[in-house]
Amino acid sequence: MKVAVLTGGASAERDVALASARQVVPALRSKGHHVVVVDTVTGHVTESKEADHLLGKVGATWPSVAELQGRERTFFLMTLGSLPEVRDADVVFLALHGGRGEDGTIQTILDTLGVPYTGSGPIASGIAMDKDVSKRLFRDADIPTAAWLMAPVTAGEAGKHLGWPVVVKPSKQGSTVGLTVVKRWEDFERAIWYAAEFDDEGMVEAFVPGRELTVGILDDQALAVGEIIPRHEIFDYECKYTPGMSEEIFPADLSPELAAECQRLGLLAHRILKLGGYSRVDFRLTPAGRLFCLEVNTLPGLTATSLLPQSARAAGIDFADLCDRICRTASERSGRNNQGTPRV
């Protein structure tokens, strides 16, 4: 197939997206696909420049995005639909994380162009990206999730309804960008302002102590459950993307019953949000043995340290096969849903 890997972007997770693409591109080529790379900020990346453009590792902190967002907005409006690398692709592989790449914006554009793409559609992507909306759906489906409040909220209200500590974070960000664990009311206002730098809606969530678990979803099936043991208090940006800053155990050391329940809840969360293709669902397991769903990632990382590939590998699927299956699922779904629809 002709595959356009769309990457980069203007979100705080730009470096993660580039690192994902660095892994995805050779994996797809190893399966015989013709692959081109397009950065949503800079445009087509020639094969001779891929090695320099696609980052080999992610830094300890995220990049500033103010200038990138303006450049991406211009590219989206003026260029993307006319690029032959995108328009003529059999499948667009979305190696994007956060921002317009994961909130449904790029999915809407590609739907308009009639170009198949990996992952979920615009509505499902937007719902999953909005933690407030997705948690409401979890609650309605009896998927346990931590209690939460949406800003504006005072420290007094947070302490009264949620207790201490609390997690303050942007409602529509990933990779723990803008997130703070607040243990004292004196630090609460600073955390609210910090989250507001990344999103106009802030969320205050009860802190759930315990083990960090995750499960990958592929083709409507739950993969292996894994456990993450970060070197920091939480599985933050640095621990996620810096080799050696966390220990990932796949499969997790759980009873068969608990692992099956995590898989069941993960698949249910994926279905409740009406996601397509693949995702990754994150949980906390309390010392009392209760599972709490934290969030669902519609375009989980595919970097050298990412969790979805490890979940797939523990289920017997190597990285190249994972990428190939993601592409083929997108192509088959497009054939079912858009048969006879002409390209724009």
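Here segment 194-222 is the region considered, the condition is being part of a strand (DSSP E or B) and acidic (Asp, Glu), and the residue that is nearest to Gly163 (Cα to Cα) is Glu205.
Is there a residue being in contact (Cβ under 8 Å) with a residue 40 or more places away in the chain, under 22 Å from Val3 (Cβ atoms), open to solvent by 10 Å² or more (accessible area, probe 1.4 Å) and in a helix (DSSP H, G or I) anywhere in segment 125-145? No; the residues of segment 125-145 include none that is in contact (Cβ under 8 Å) with a residue 40 or more places away in the chain, under 22 Å from Val3 (Cβ atoms), open to solvent by 10 Å² or more (accessible area, probe 1.4 Å) and in a helix (DSSP H, G or I). If you go through segment 1-42 and pick out every residue that is surrounded by fewer than 19 Cβ atoms within 10 Å (Cβ to Cβ) and either more than 22 Å from Asp90 (Cα to Cα) or modelled with pLDDT under 90 (or both), you end up with 1. Kindly establish whether Val168 is more than 23 Å from Gln69 (Cα to Cα), without any contact (Cβ under 8 Å) to a residue 60 or more places away in the chain, of a type in the set (A, V, I, L, M, F, W, C) and part of a strand (DSSP E or B). Criteria met by Val168. Of all residues in segment 66-123, those that are within 29 Å of Asp200 (Cα to Cα), polar (S, T, N, Q) and open to solvent by 60 Å² or more (accessible area, probe 1.4 Å) total 4.
When the test is whether a residue is open to solvent by 30 Å² or more (accessible area, probe 1.4 Å), touching a strand residue (DSSP E or B) at 6+ places or on another chain (Cβ under 9 Å) and touching a residue at least 40 places away in the same chain (Cβ under 8 Å), Arg211 passes it.
So that you can scan it fast, the table gives a plain yes or no per residue for (1) modelled with pLDDT of 90 or more; (2) open to solvent by less than 50 Å² (accessible area, probe 1.4 Å):
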position: Glu227; (1), (2): yes, yes
position: Asp236; (1), (2): no, yes
position: Lys240; (1), (2): no, yes
position: Gly266; (1), (2): yes, yes
position: Thr298; (1), (2): yes, yes
position: Thr303; (1), (2): no, yes
position: Gly335; (1), (2): no, yes
position: Gln339; (1), (2): no, no
position: Arg343; (1), (2): no, no
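Among the conditions (1) closer than 25 Å to Val24 by Cβ; (2) in a helix (DSSP H, G or I); (3) at pLDDT 95 or above; (4) open to solvent by less than 30 Å² (accessible area, probe 1.4 Å), the only one that Asp321 does not satisfy is (4).
The values are calculated or read from the model by the stated rules, or taken from the named source; none is laboratory data. All values reported here derive from a predicted model rather than from experimental measurement. Reconstructed Cβ throughout: ideal geometry from the backbone, glycine too, with neighbour counts over all protein chains shown. For accessibility, only protein heavy atoms count, side chains too; no ligands or nucleic acids. Shrake-Rupley method; radii C 1.70, N 1.55, O 1.52, S 1.80 Å.
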